[in-house]
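S.K.: I'd like to ask you about the structure that follows.
The values are calculated or read from the model by the stated rules, or taken from the named source; none is laboratory data. Bear in mind the structure is a predicted one, so any value in this text is a computation, not a measurement. Cβ placement follows ideal geometry from the backbone for every residue including glycine, while neighbour counts extend to all protein chains displayed.
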Amino acid sequence: YEWDTNRRAWFPKLDENFMAQYQMNYGFNPDGSKNLNPVRYDDGEEELARDRERERLQKLEEEEKKKKEKRPPGWFDADVSNNTKVYVSKLPDTMSDQEFVDLMQKCGLVLKDAETGEYKVKLYRDKDGNFKGDALCTYIKVESVEIALQILDGACVGPVSSHRIKVERATFQMKGEYNASLKPKKKKKKLLHKIQKTQDKLFAWHPEPLRGQRGKHENTVIIRNAFEPSEFDVHTEKILTHTECLRAQCSSFGTVKKLELYDRHPAGVVKIVFGEVEAADLCIASMHHRLYSKRKLEVEVWDGSENFKVEETAEEREARLKKWDEFLMQGGTAADKKEEGEGQAKEGGSGKNIARDSFKQGGTAADMKEKEEQAKAEHSLKNITRDSAVVDDASSAVVDD
């Protein structure tokens, strides 16, 4: 460095060594030419990144080779860490399936079949159907197997505790040659998701209800004998009429969160969900045995499990579609045609009134004829618009149906 008296500060001395070092930092040689191989301080990081990329590509190549070289089908040993099956022997000959399930559930939850809903246990029997004294049990969790080995192995069961049972991990051996047709089919993703959801629900923690706490289903009220399902075959609009009328009456008791009218149920059922349990109690006390449309209502609390939805049979669906086709071919109901006739008569009367008014105002016969033709044209245009609207409504109804 050298001292600058004017600026009163130290500055780097600009000599040849300084300029050479400066140029080397920016990729130049001391003579001023560009250095094609400049010094880099991150060579180690670049080499490490290249090594990682090389290892990743090698792993991908190995995985592709494994996929191409498929292992021939055959017997394989199950992983002990994932084995949830327990083999139990020396059981009493009189033990039933339910008694065996109750015994094994002391150590954990027994797995249920998602399709049949039955417990996955197997009691081995002879040709005559007599129980041989050994059985197989499948738990949901692997930890249940360890508990069963510690608690049930060597335990005494039976009427007088005369049988000391033996519990061990289930091991399987292939008998005969391998047969691919006996391999169980893979479960669909939807079924696997259902199984997982059921198991999560079983192991979920739910707080105990408080003393005197009402159930969740007690805010739902069931009204029976509110209507006759056959009346909707002729007048479909009555579904909306009953819904609005019952909603208006029940809204006086509290907030109505949901109202469902089961138009196919033979008992004429309406399901109403209130926001509070107290509103449901008030509804039952006020509307039970009340007269509604000349019918005596039966009002009660929903039990939480009964399903009121009635599915439409194939014959009923065919009859309904056939009736709808006839309605479309006729171009509307008699009420629609009557309304259309009244509209035409009204429009015709308006045309005559226009002609009469023009005569009173002193118009000529040509003027009156021109105005009458204009009124008829407007009337025909309105009829065309109405017919197109009816066709649009019918087509949209067919699509919705």
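S.K.: Tell me the residue from LEU210, LEU192 that is surrounded by 10 or more Cβ atoms within 10 Å (Cβ to Cβ), of a type in the set (A, V, I, L, M, F, W, C) and outside the structural domain of VAL142 (by TED's automatic domain parsing), please.
M.R.: On the way: LEU210 fails: surrounded by 10 or more Cβ atoms within 10 Å (Cβ to Cβ).
On inspection, the qualifying residue turns out to be LEU192.
S.K.: So, restricting to strands (runs of 3 or more DSSP E) that lie completely within region 1-100, which ones have at least 1 residues that are closer than 30 Å to ARG164 by Cβ, at pLDDT 85 or above and within 40 Å of the chain's Cα centre (by Cα)? Quick ask: steps written out before the conclusion?
M.R.: Values: elements: 2-4, 9-11, 85-89.
Passing ranges, in order: 85-89.
S.K.: Take the conditions modelled with pLDDT of 90 or more and over 18 Å from HIS217 (Cβ atoms) and apply them to ARG290. Does it pass? It would help to see each step written out before you state the result.
M.R.: On the way: modelled with pLDDT of 90 or more: yes; over 18 Å from HIS217 (Cβ atoms): yes.
Judged against the criteria, ARG290 is a match.
S.K.: May I pose another question? List pairs: first residue in region 98-116 and assigned by TED's automatic domain parsing to the domain that holds LYS85, second residue assigned to a strand (DSSP E or B) and of a type outside the set (A, V, I, L, M) anywhere in the structure, Cβ distance under 6 angstrom, at least six positions apart or on different chains.
M.R.: Close Cβ pairs satisfying both conditions: VAL101/TYR119; MET104/CYS137; GLY108/TYR139; VAL110/TYR119; LEU111/THR138; LYS112/TYR119.
S.K.: Going residue by residue through region 285-292, is there one that turns out to be assigned by TED's automatic domain parsing to the domain that holds ARG224 and farther than 14 Å from ALA226 by Cα?
M.R.: Yes, some residue in region 285-292 is assigned by TED's automatic domain parsing to the domain that holds ARG224 and farther than 14 Å from ALA226 by Cα.
S.K.: Right, next: Only residues that are of a type in the set (Asp, Glu), assigned to a helix (DSSP H, G or I) and exposed (fewer than 13 other Cβ atoms within 10 Å of the Cβ): list them for region 231-267, please. Give the steps one after another, and end with the answer.
M.R.: Just the residues of region 231-267 that are of a type in the set (Asp, Glu), to begin with: 231, 233, 237, 244, 260, 263.
Adding the requirement that they be assigned to a helix (DSSP H, G or I) leaves 231, 233, 244.
Result: ASP233, GLU244.
S.K.: From ARG164, ARG211, ARG125, ARG169, which residue is within 30 Å of TRP302 (Cβ to Cβ) and over 23 Å from the mean Cα position of the chain (by Cα)?
M.R.: On the way: ARG164 fails: within 30 Å of TRP302 (Cβ to Cβ); ARG125 fails: within 30 Å of TRP302 (Cβ to Cβ); ARG169 fails: within 30 Å of TRP302 (Cβ to Cβ).
None of the others qualify; the one that does is ARG211.
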